[in-house]
1. Which Cys residues of the chain have no other Cys beta carbon under 4.7 Å away?
2. Just to check I understand the Karplus step: with θ = phi - 60° and J = 6.51 cos²θ - 1.76 cosθ + 1.60, what whole-Hz values come out for region 247-259, glycine and proline as x?
3. Among LEU323, GLY351, GLY391, flag the residue with its Cα farthest along the positive direction of the charge dipole of the chain, charges on Cβ as +1 for Lys/Arg and -1 for Asp/Glu.
4. Where does the charge balance sit around GLU321 when Lys and Arg score +1, Asp and Glu -1, over other residues with C-beta under 12 Å from its C-beta?
5. When a/c reaches 1.5 or more, the comparison of a/b and b/c decides; with that in mind, is region 284-432 rounded, prolate or oblate per its Cα gyration tensor?
6. By its C-alpha gyration tensor, with a ≥ b ≥ c as the square roots of the eigenvalues, how is region 36-133 shaped: rounded for a/c under 1.5, else prolate for a/b larger than b/c, else oblate?
7. What's the local net charge at GLU413, with K and R +1, D and E -1, over the other residues with C-beta under 14 Å away?
8. In whole percent, how big is the carbon plus sulfur part of the accessible area of the chain, probe 1.4 Å, protein atoms only?
Amino acid sequence: MFKIFMLSVIFFLINRYDAFQRENPVFHAPLDAQMGMMMHWVLDYPTKTIIFEIHLKQLKLQWFALGFSDRGNPYPADYCLLSAGWNHVDFVDSWASDEGILHLDEKQNCEGFLIKNVNEFTKFTFRRKFDTCDENDYIIEEGTTHIVWLKGEGPMTNIEGFNISNIRRENKGMIRVSLLKNIFVESIPSYVEKLDVTVNKVTVPPVETTYWCSVRKLPKRFKKKHHIYQFTSNIQKNSEGVVHHMEVFHCFAPANQKIPLYEGSCFASERPLATQVCKRVLAAWAMGAGPFTYPQEASLPIGGPDFNPYIMLEVHYNNPEMLSGLVDSSGITLYVSDKLKNMDAGIMELGLEYTDKMAIPPGQENFPLSGYCVSECTAVSLPLTGITIFGSQLHTHLTGVKVETRHFRNGQELPLLNYDNHYSTHFQEIRRLKRIVTVLPGDALVTKCDYNTEDKENITLGGFAITDEMCVNYIHYFPASALEVCKSSISDQALQTYFRYMNEWEGQSTSSNAISENYKAIKWNKMRTELLREVYSESPLSMQCNMSSGERFSGYWENTPITPILKPLPPLQRQCTKL
């Protein structure tokens, strides 16, 4: 009986351990291009805690700091700092001021420190609350987190007052990750097949940023419709430190249209113009992300008689250490099957129309633009039972710093659909939402993007180029509906009224028929900028309520009123007894 009892206990513990592993997966991301420093983390959602484990090659390091920063700058920032003396090891919570001076935090929130040496690595672990309720500590939240690190030789005899502003480039760094991942996802069936979409022996240039595009044709079996059950990264071991994010695009064109094959820089002049249609996202991965798994009910279709068979892989190489001689064949693996689920999933574009009617003045620390999917559009386009949103990919170009999509029903605001308060265009991924969102006919969705143009000398226009701007949320949902684009811009009449005022009352040369020329002609000051902000926030809309064919749903979509907000959500309350 005792043996049976012990076996039962062992099996119980094994099952508990397996369940813990399934519910608490370990995520990892390299901190440097040469992968001499690795960060691993586990999420404990019940206690709102992250457990970090850092692996460092045993070099002549005397101190190492891992921290969090709003935009990836080494200061101001919040650091957990490891310092090795002659006969002791310290691990402290510290913070760096705007001037780059380190200070010991009065409240020590880098907890549970353990350290050991294993083979050639020093490994240390600690835990950190999402929100410590300490004004000097970074709040870890949904979306992008900028992880910063510092290292140095020689003992740090006094942390208080230590100046990090003159640390050499090779002794500091930054990566972007999404820390608070969705760990509750479905498994995939055994009958799925792999489709590897990879680049072919790319010699990574010794420059900091490279976008590499590879256009290819799908195998013949995709003449039959398939579903994508899951996609995940397929990265060569020696490239983990430089492959920053990747996307697979469908070349959206008639099924019989040939797209030129291409392998090279995405921005090269020799890239064939015809490949510019390769912009409908099928899959997206960013550093630190695990597999993206579709829900049991539906999956994104790929292939079929009406599906253009060309796709494009875009790889962003981030090589701040200017490494040379690195040859890479990384990409994304799609797990697909011609055994179809009950429903097709769809992708819908929310936000701003790709047009120069929306623009951001120069010198702005934070300038907002909002794109509307109005209730009048969802009322005529969505099925009576609504749609279920399970994934989201937020998108701007170079000046975007914050994105959110708000959800309204009968004027009352519902919980945020998705948000990223530390957004960067250099960190693109499709995220499984932690709660599914049902959008009913008559609901409204408002996507707001904040932009920083402090380094710009003139207007930043909306448009397709990387130097232009966008504000988009690509939502993934089921069942697929006819509505593909639900976006807005300021109405033509309202914008012309603004330009006429600028010309007649402010003496600006804004009488051109070209919108972009009018914007560029304005000599921007605080008053003119604030007036444009008010015009955008109060003017009626020009709506795109479009089907995949590009045709609009029935209705009059010019001068559409802005969505009324009768009852906004109250500000999110932090769970702190005293702030």
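1. none
2. With coefficients 6.51, -1.76 and 1.60, one gets 9, 10, 10, 8, 7, 7, 7, x, 4, 8, 7, 7, 10 Hz.
3. Value: GLY391.
4. Details: positive: ARG169, LYS172; negative: ASP32, GLU170, GLU208.
It works out to a net charge of -1.
5. Since a/c reaches 1.5 but b/c is at least a/b, the shape of region 284-432 is classed as oblate.
6. Note, shape of region 36-133 comes out oblate.
7. Local net charge: +2.
8. Roughly 53 percent of what the probe reaches on the chain is carbon or sulfur.
The values are calculated or read from the model by the stated rules, or taken from the named source; none is laboratory data. Computed from a prediction, not measured in an experiment: that's the story for all the values here. Glycine gets a Cβ as well: all are built from the backbone with ideal geometry, and neighbour counts include every protein chain shown. Quick note on the areas: whole protein, heavy atoms, side chains included, nothing else; ligands and nucleic acids left out. Shrake-Rupley method; radii C 1.70, N 1.55, O 1.52, S 1.80 Å.
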